[in-house]
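Report on the structure given below.
Taken together, the values in this text are just the output of simple stated rules run on the coordinates, not laboratory data. What you see is a predicted model, and the numbers here were worked out from it, not measured in a lab. Because the Cβ atoms are built from the backbone with ideal geometry, glycine has one as well, and the counts that use them run over all protein chains shown.
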Amino acid sequence: MYDPLTDSHPEPKQGYPASYWASTIDTFPTPIELKQHIKTDIAIIGAGYTGLSAAYHLASRYGKDVIVVDANQPGWGCSGRNAGFVLPGTGRLSLLDMEQKWGQETAMGVFNEYMLSIKSVEEMISIGQIACDKTPGGYIKLAHRRAKVSALRDQAEKLNKRFGESVRYLHSKQVARDFMNSANMYGGIYFDKCFGVNPLKLALGYHRMAESAGAKVFSNSPVTKWQQVGNVHELTTPQGQVEAQQVIIATNGYTGKDLHETVDQRHFPVMSSIIVTRPLNENELASINMQEGLMGMDTRRMKYYYRLLPDNRILFGGRGAIKGKNANKASNQKRLIDGLEATFPALKQIDISHFWSGWVSATFDNYPRIHSVENQGIHYSMGYCGSGLAFSTLAGQRLAQSICQPESLPDLPFWQSPLPKFPFSSLKRVGLSAYYAVASVRN
């Protein structure tokens, strides 16, 4: 599997991974490879949610000429591999963490941005008439130990009081009766505005919207060389070249090593893996008593996340391998199966139909950036820390604003500074291995 820490870019023409999401799609768009020298206003590297949203808004709202290039096909990276959770948040800082870090007024602005990100996904689905299996059901965060209950209860109270969010605290009996029957769960908090989607169908819908707005999207066209001549950026692909006045980096967890000094060593790709079961029968559904469309996550350091899919399968995800070359080892799938069976004992030995992995982008200070490099015409958004479906959609819109209408951006920390570099960057995976070992013991 492609590894962003050792490879400069994914090898093209790989096809979509054998995910559950890909299995639900009958016809994929015909890939068009860049095979010419072309000039444009803005070039975008990466055809995921961020890049395609930016392309759509730049072309439709601001009339810009836009070229998108991707090493494979639209949604091939994390945009087509994630669990499809549309949640109000990104990064690893809670709203209460942000309140302590930046103050209540800024935290309120961040919260409003989070809620707007959900609306931005809903608007894109509506405008583009995207059939992405949108499934209401809400999101529940569950305490996996009794010691975690009080913090979740406090969080629900403060979110309601300070931010006006309709968050409900649920004791363990309420969870079992009304939401799901899970082992070793001691209460949680429920967010009712969240919903699930088929993430690959959503990404392909964004692709159609971007092209309909006038943007050109080229597949199987990785950037192999990037040089700047005066105010012009020259991006070279295997069979073509793009000249652009401005460039957006929208590759997030799939950003290869040495793509550009602007983002080098400023994020850490971490693998997340997912299994999907066969459809549950009536007895199995009754045994777990999971609310239709519900999405869940626990409070472990190495979190498990799961949802009931529209065809009554369980999607279950968690940490993956440390290195790309180990992504498909049986031990990684077994770890998730063990987690599934510990969470839902009634599903012990259930057949698994799909297993796949993808890269998410972690940052040194646990929150993403939407950044423009002054006087260089370079922009990027990355570092969603595994929670970026909704935020990346809004980030594409914010990137378009930062280029064409920067005065309209809200005054928030996301675009006030660049991503910081990781110290001792070469030792990141050594540290991750140690973290996983300690977290396994604590869990």
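Quick look at the values:
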{"quantity": "Options [x] 1.17; [y] 0.95; [z] 1.07 - which one matches Cα Rg over 2.2 N^0.38 Å as calculated here", "calculated": "[y]"}
{"quantity": "Förster radius 22 Å - calculated FRET efficiency between K421 and V232, Cβ distance, rounded to 0.05", "calculated": "0.20"}
{"quantity": "Cα→Cβ-extended label distance, 7 Å offset, between T6 and N181, nm", "calculated": "4.6 nm"}
{"quantity": "Rel. contact order, % - alpha carbon contacts under 8 angstrom, at least six apart, the chain", "calculated": "25 percent"}
{"quantity": "The chain - mean residue ellipticity at 222 nm from DSSP helices (-39,500 (n - 2.57) per run, n ≥ 4, rounded to 500)", "calculated": "-10000 deg cm²/dmol"}
{"quantity": "DSSP-defined antiparallel bridges as percent of all bridges, the chain, nearest 5", "calculated": "70 percent"}
{"quantity": "Subset of K141/K428; K101/K173; K134/K173 violating a 32 Å alpha-carbon distance limit", "calculated": "K101/K173"}
{"quantity": "Sequence-separation-based contact order of the stretch 27-118, relative, with Cα cut under 8 Å and 6+ spacing, percent", "calculated": "23 percent"}
{"quantity": "For the stretch 184-189, 3J(HN,Hα) per residue [Karplus equation, 6.51 cos²θ - 1.76 cosθ + 1.60, θ = phi - 60°, Hz, x = Gly/Pro]", "calculated": "6, 10, 10, x, x, 10"}
{"quantity": "GNM flexibility winner over the chain from H207, H144, H267 (Cα, springs under 10 Å)", "calculated": "H144"}
{"quantity": "Pairwise label distance in nanometres, K325 with D338, each label 7 Å out on the Cα-Cβ vector", "calculated": "2.4 nm"}
{"quantity": "Extension gain, N283 back to A18 (0.36 nm per residue minus Cα-Cα distance, nm)", "calculated": "92.5 nm"}
